[in-house]
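The numbers here are math on the coordinates, done by the rules we state, and not lab data. Computed from a predicted model, the values in this text were never measured in an experiment. All Cβ positions, even for glycine, are placed from backbone atoms using ideal geometry, and neighbour counts span all protein chains on display.
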Amino acid sequence: MNSLDWAVLIGYFGVMVAIGVWSHKRVDDVSDFFTAGGKMPWWLSGISHHMSGYSAVMFTGYAGIAYTYGVTSFVTWSLPIAVGVAIGSRLFAPRINRLRSRLHVASPLEYLKNRYDLTTQQALAWSGMLLKIVDVGAKWAAISTLLSVFTGISLNQGILITGVITAVYCTIGGLWADALTELGQFVIQLLAGVSMFVAVVLKLNDKHIGFFGAWDEPALHGHGKPLIGPYGTVFLLAFLFIKLFEYNGGMLNQAQRYMATGSAREAERGARLSAVLWLVWPVVLFFPMWVSPLLVHAAKPDGSDSYALMTEQLLPHGLLGLVVVGFFSHTMAMCSSDANAIAAVFTRDVAPVMSRRARAWGERSGLVAARVTTVLFLALSMAVATQVDSPTFKDIITVVIKWVAGLMGPIAIPMMLGLLRPFRRSGPTAALTSWGLGLLAFWLVNYPINWQVDGGVPLEYQVSVPLAVSLILYILIGYVKPEDTPARLAVIEKVNTDGDAVAVAAAAGVSEGAAPLS
């Protein structure tokens, strides 16, 4: 990077901070900070939902998969997300929006106390927060890895720079700042992605290979196969279920985008927009990665540095800075949205249980607590980021695929399926059992059993077994030991209908006022 590239990067950081300062004026209370007061337009919600699902891991870990295996990086990652979000646009988005509009909650997990009980809510809240700290730590490590390639600064310095900038704008501006910066980041990503796509196509033409002829080259042998290597049919099916839960609210930050719109209908429209973007846009981003073996030789065995090397070689200064900014836009969008979601869970769900003083927070003190929690979460995730290359985590892609995907099912299934009428029989026993034994299954498959199996347990089973165990137990225990009390039925009906309170109570089979709903 030269002075022109640095000017682009510093200008980007300045704009992000400026948006955070401007958004500060729109945050008057906790509802504004966590759910934009339910005033976010559907198109902004959709773009924000899409952008908050990316990070620099795409340009490191998934770039390595694309470099090694080809189009399976799209088939087993962004395609399941697109399908999952499309399904969730009808199944989950309207119901999650009603958590805010009908139950008047500001955290995606706040309703669990009435849907199940306090113990279930706390179990899911604590495990979700801990998983997010590890997940976001991997994201910081990914962007810092890229930054070190281009600038030569150390991993820890990169983590500190990106973390501090993100903390500034998302702490003062809340969800409004997240969404507006994500809109700007989407425009930057569009320019950077198209620039890289065009540069690669021109380079292929210079080599007399061409856009379509690339697939006939020996270096890309097998790159056109949709499922290859460790990414087979079982992995694809498992990821489809995982992404269905994860990207519709299981990881909390996407749930806030549904909650932030004015109505259930707008939440559904925003989700559909996000699904279309997930289906189309990653193809543009992935194409340079698929053909990267024709243009560069990765220094790392997993190919995770291939995209960065290709960017350095193909783009002129200025555009190089723009693409680096694109890397930042992905990661900062996801990490800031995660920080806001975890702050909501801690201040609304965890702190009131731990402290009597927290239960008495007013609007001002609650807003201060939300901002302090956001900073603390980012600091903890940055500390974890410095350990991503340790033997415990092994590498970035291991954290993202094995840990996050493997642990997602046990945490998300009680939260997401608890919204739906067909699972009304599943109560606290089903939720806690599926959660606890799902986590146990993750540990067994990834560690004791993995150590005993010659060659290790295949990756597809490492991520699918915990999900399957949790899903089966949640449904089965609901039928064996139904716990569909009138109060719980009333909560379910509230998030499944837009009718008035009397109609909802009647549908639940209880009289109005028979049990508290929120």
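Computed quantities for the displayed model
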| read-out | value |
| --- | --- |
| Gained length - V15 relative to A219, 0.36 nm times residue gap less alpha-carbon distance | 69.3 nm |
| Region 310-325-region 199-225 distance, computed between alpha-carbon centres (Å) | 21 |
| Interchain or long-range residues, amide H under 5 Å from G427's placed H | E483 |
| Karplus 3J(HN,Hα) series, Hz, for region 479-491 with 6.51 cos²θ - 1.76 cosθ + 1.60 (x for Gly, Pro) | 7, 6, 10, x, 10, 8, 6, x, 5, 5, 4, 5, 5 |
| Members of K113/K139; K132/K402; K139/K300; K113/K402; K39/K243 lying beyond 22 Å, as alpha-carbon distances in this model show | K113/K139; K113/K402; K39/K243 |
| Extension gain (nm, one decimal) between S154 and K300, 0.36 nm per residue minus Cα-Cα | 50.8 nm |
| Per residue Cα convex hull volume in Å³ - calculated over the chain | 132 |
| Cα long-axis angle, helix 264-290 against the chain (0 to 90 degrees, to the nearest 10) | 20 |
| Cut-off 11 Å (backbone N to label point 7 Å along Cα→Cβ of Q313), residues of region 289-305 | 292-299 |
| Using a Förster distance of 30 Å, the FRET efficiency for D498-L183 (Cβ separation, nearest 0.05) | 0.60 |
| Whole-number D in µm² s⁻¹ for region 252-318, Kirkwood Cα-pair radius fed into Stokes-Einstein, 20 °C, 1.002 mPa s | 144 |
| Normalised contact order of the chain, rounded percent, pairs of Cα under 8 Å and 6 or more residues apart | 29 |
